Amino acid sequence: MRVVYSGVLAAVFSMSAAAAGDGAAPTTAGTSAMNDNALKADNPFARPSTLPYELPPFDRIHDGDYLPAFHAGMREQLKEVERIAHNREPPTFENTLIALERAGQLLRRVDATFGRLNACNTNPKLQDIDTEMAPKLTAQEDAIHLNPALWTRVEALYNKRARAHLDSESQQLLTRYHTEFVRAGARLEPADQTRLRALNTEISTLTTRFKHNVLKATADGAVVVDDVRDLDGLSEGQIGAAAQAAAARGLGGKWVIALQNTTNQPLLAQLKNRALRQRIYEASIGRARGGSSDNTAVIAQLVKLRAERAALLGYPNHAAYQLEDESAGNPAAVRDMISQVAPSALARARAEAAEIQKLIDAQAAASGTPSFALEPWDWSFYSQQVRKARYDFDQARVAPYFELDRVLEDGVFYAAHQLYGLSFKERRDLPVYQADVRVFEVFDAAGAPLALFLADYFARDNKQGGAWMASYVNQSQLLHHKPVVANHLNIPKPQPGQPVLLTFDEVTTMFHEFGHALHGMLSSVRYPKLSGTAVPRDFVEYPSQYNEMWAREPEVVAHYARHYQTGEPMPPELLEKVLAAQKFNQGYATTEYLAAALLDQAWYQISAAQAPAAADVPAFEAAALKESGLDYAPVPPRYHSAYFSHIFESGYSAGYYAYLWSEVLARDTGQWFHTHGGLTRANGEYLRTQVLSRGRTEDPQLLFRNFYGRAPEIGPLLEYRGLSGGS
């Protein structure tokens with residue numbers, strides 16, 4: 001669950017994730033393709049979309065449109081930058097920074113659409129474009145950041161900022177530009193800048209390769225089941241979905257269990273066949289660790305190059321470089337935060353394991369069969385039995401009350417209406433890139449158009465794993481842009497005519513990702529660079545994790561938890577069991593997360609000389625987990641390195657801790673809401689005014705303090721997860 005951050009050009013022009021690959025640095029013109037004539041008028045990216053909110057014209061976009069638009073957009077942007085850099089007038093805020101904010105619009109349009117569709121609806125042609133374009137786009141970013149004339153103008157403005165009489169948002173914009181230019185190497189000597197360009201190109205190539213390997217390995221790792229009896233424990237709908245997945249692969253008469261992006265796989269909680277559970281688990285952890293999709297060599301080289309780049313820029317390691325520009329500030333602060341939670345989490349996980357082992361032993365004794373030691377592929381299956389016994393919680397009884405459309409419209413949208421006055425109208429007249437995608441127009445309390453929201457909830461083999469929010473158009477008063485944002489999940493699609501019934505975890509994920517969407521849609525800032533979710537990674541997860549609270553708030557649950565056939569509300573006693581059960585298994589959930597967060601830090605707190613060879617990547621991971629103190633066999637890390645896309649591909653390198661850092665703020669916010677009356681417009685408007693609408697127009701930690709009234713406190717998080725002493 002994450003935000004797709006703006007891509008390689010974001011640091012200057014608020015663009016969207018594009019790609020990564022290999023190539024040479026362009027200057028004002030590069031390859032022969034970049035010397036073609038101007039972009040043809042019928043290219044869908046040639047001018048701003050005429051659709052509402054400048055929604056991309058998905059029905060007019062073909063794979064062959066991207067490369068010409070990329071090349072034309074790069075040429076246009078570099079010309080604009082050259083004019084700004086060599087303006088004969090003295091540098092001013094208007095002729096330098098505002099000019100930069102306005103530049104590169106053609107490239108922004110194609111980059112945004114390509115990056116989003118390559119993530120959620122890719123194909124081999126898009127992946128080839130991804131591989132080709134990323135190094136060129138990385139070099140384009142370097143050509144801008146390392147332009148000495150442009151840097152001279154930015155630095156001159158920054159040096160006289162105290163006398164510039166700028167408003168606070170403009171001061172923040174100036175600070176961000178200066179910070180990003182410095183961090184991109186603007187102060188380096190020419191020889192070091194040359195090496196930096198080469199490093200950036202190599203890194204972008206590797207991140208693209210990692211991404212493509214994970215997508216292929218995840219699809220190839222799906223487990224094929226020959227006998228339906230092995231699926232005992234799954235619902236009729238789940239078995240039907242597995243049959244449909246097999247048919248889509250040309251495997252009629254079989255069943256396919258597709259892999260999710262995490263180590264643990266959801267169906268392990270239900271499958272009674274232990275051998276099949278083990279097969280699924282081993283397929284999950286074996287992804288991208290051999291064969292044509294092997295990521296071990298990619299990891300070794302990527303870690304080494306990022307460490308070398310950090311050293312070139314004056315930092316001891318990549319983590320120090322990354323964290324300097326985050327709320328945490330440095331690796332020590334991350335370690336301190338994790339250390340406040342890890343002991344309680346691990347102790348709770350061990351207690352949970354002991355209870356599960358007791359159940360395994362008791363069942364073996366009752367059946368007269370040999371017992372066995374708890375393994376990772378057993379945890380979910382038996383922990384669900386413990387939960388059912390403790391809370392009388394039965395997922396099969398609960399699922400009929402969590403139908404997807406009802407959760408979306410009467411839960412997610414309802415909470416947003418109650419808090420912020422938003423209303424939603426489905427737009428079936430607008431084009432989409434895939435038949436399952438739904439588009440909603442969002443209106444403010446007074447009925448004014450606010451945004452477009454795209455909901456893309458079903459899993460596909462050509463869709464990256466996990467759940468995320470992405471933006472096609474960022475809000476900006478300067479550019480007169482209203483936001484267009486999307487949420488993406490990977491819910492298995494049932495057979496036609498069958499209801500889409502969710503687990504409570506999936507319900508929570510919908511609320512989480514919509515929290516990111518709200519952060520983008522409620523943005524009300526002038527400059528695109530500061531818009532919406534353009535905040536540190538350890539702050540961007542705050543609005544999303546806060547929004548999770550409404551998934552379990554009784555008033556909201558009562559509104560959406562209705563039986564999909566009868567419409568009857570969930571009985572109060574069942575609702576109480578659902579809510580009570582949410583603190584269950586939090587030792588496991590917190591420990592698996594923290595193990596992954598510390599693994600991330602281990603990879604990026606080493607120097608280039610300490611980076612392991614490809615063959616030693618598994619050993620490095622094992623040693624790092626052991627050193628973390630969270631190497632507990634029944635609880636594997638949420639991600640093993642070979643498929644840890646957050647830190648090797650999607651922008652969270654040395655930043656996976658961000659979920660915990662942000663959750664402290666989120667749970668403090670939840671406590672604030674309960675103290676001040678809960679789900680009310682007044683409370684929602686206050687949060688919107690103080691945080692959600694502000695983007696990065698102020699230091700994010702100051703935004704939180706101004707809202708909360710004091711520094712963050714970790715107690716509410718421990719209570720929420722059931723890890724506090726009294727829980």
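The values are calculated or read from the model by the stated rules, or taken from the named source; none is laboratory data. This structure is a prediction, so every number in the text was calculated from the model and none was measured. FYI the Cβ positions are ideal-geometry reconstructions off the backbone, even for glycines, and counts take in every protein chain you see.
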Worksheet item: Out of all the residues in the range 561-587, which are touching a residue at least 24 places away in the same chain (Cβ under 8 Å), surrounded by fewer than 16 Cβ atoms within 10 Å (Cβ to Cβ) and over 30 Å from the mean Cα position of the chain (by Cα)?
Response: HIS563, GLN565
Worksheet item: Of all the residues that make up the range 160-203, how many are over 29 Å from the mean Cα position of the chain (by Cα) and among the acidic types (Asp, Glu)?
Response: 3
Item to complete: Scan the range 457-465 and give yes if some residue there is within 30 Å of GLU101 (Cα to Cα), in the same structural domain as MET510 (by TED's automatic domain parsing) and outside any loop (DSSP other than H, G, I, E, B), otherwise no.
Response: no
Discussion item. Tell me yes or no: at least one residue of the range 83-98 is among the polar types (S, T, N, Q) and buried (at least 20 other Cβ atoms within 10 Å of the Cβ).
Written reply: yes
Worksheet entry | Lone qualifier among ALA654, ALA642, ALA666, ALA682 - being among the hydrophobic types (A, V, I, L, M, F, W, C) and not in a helix (DSSP H, G or I) | ALA654
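Kindly establish whether THR669 is over 29 Å from GLY411 (Cα atoms), surrounded by 19 or more Cβ atoms within 10 Å (Cβ to Cβ) and not assigned by TED's automatic domain parsing to the domain that holds VAL557.
Values: over 29 Å from GLY411 (Cα atoms): no; surrounded by 19 or more Cβ atoms within 10 Å (Cβ to Cβ): yes; not assigned by TED's automatic domain parsing to the domain that holds VAL557: yes.
Here the answer is no, as THR669 does not meet what is asked.
Take the conditions crowded, with 19+ Cβ neighbours inside 10 Å, assigned to a helix (DSSP H, G or I) and in contact (Cβ under 8 Å) with a residue 60 or more places away in the chain and apply them to LEU599. Does it pass?
Numbers: crowded, with 19+ Cβ neighbours inside 10 Å: yes; assigned to a helix (DSSP H, G or I): yes; in contact (Cβ under 8 Å) with a residue 60 or more places away in the chain: no.
No.
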Item to complete: Within the range 484-505, identify whether any single residue is over 30 Å from ALA242 (Cα atoms) and not aliphatic (A, V, I, L, M), and answer yes or no.
Response: no
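Check whether at least one residue in the range 357-372 is touching a residue at least 60 places away in the same chain (Cβ under 8 Å) and not basic (Lys, Arg), and report yes or no.
No, because not a single residue in the range 357-372 is touching a residue at least 60 places away in the same chain (Cβ under 8 Å) and not basic (Lys, Arg).
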Worksheet, complete the sentence: When the range 249-292 is checked residue by residue, the ones that are of a type in the set (Ser, Thr, Tyr) and in contact with a Gly (Cβ under 9 Å, 6 or more places away or on another chain) are THR262, SER284
Item to complete: Go through (1) touching a Pro at 6+ places or on another chain (Cβ under 9 Å); (2) in a loop (DSSP other than H, G, I, E, B) and name the single condition ALA349 misses.
Response: (2)
Fill in: Every residue from the range 479-500 that is touching a Phe, Trp or Tyr at 6+ places or on another chain (Cβ under 6 Å), in a loop (DSSP other than H, G, I, E, B) and not charged (D, E, K, R)
PRO499
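Okay, residues lined up against (1) surrounded by fewer than 21 Cβ atoms within 10 Å (Cβ to Cβ); (2) modelled with pLDDT under 95; (3) of a type in the set (Lys, Arg):
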| residue | (1), (2), (3) |
| --- | --- |
| PRO266 | yes, yes, no |
| ALA288 | no, no, no |
| ALA332 | yes, no, no |
| ARG348 | no, no, yes |
| ALA354 | yes, no, no |
Worksheet item: Listed residues GLY532, GLY515, GLY520; which is closer than 16 Å to ALA416 by Cβ and not in a helix (DSSP H, G or I)?
Response: GLY532
Discussion item. Looking only at the range 256-276, how many residues end up being within 12 Å of VAL225 (Cα to Cα), touching a strand residue (DSSP E or B) at 6+ places or on another chain (Cβ under 6 Å) and among the polar types (S, T, N, Q)?
Written reply: 0
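Looking at the structure I just gave you, is TYR433 under 16 Å from the mean Cα position of the chain (by Cα) and over 30 Å from GLN565 (Cβ atoms)?
Numbers: under 16 Å from the mean Cα position of the chain (by Cα): no; over 30 Å from GLN565 (Cβ atoms): yes.
It is false that TYR433 is under 16 Å from the mean Cα position of the chain (by Cα) and over 30 Å from GLN565 (Cβ atoms).
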Discussion item. So, in the range 319-367, how many residues would count as being closer than 21 Å to PHE648 by Cα and of a type in the set (D, E, K, R)?
Written reply: 4
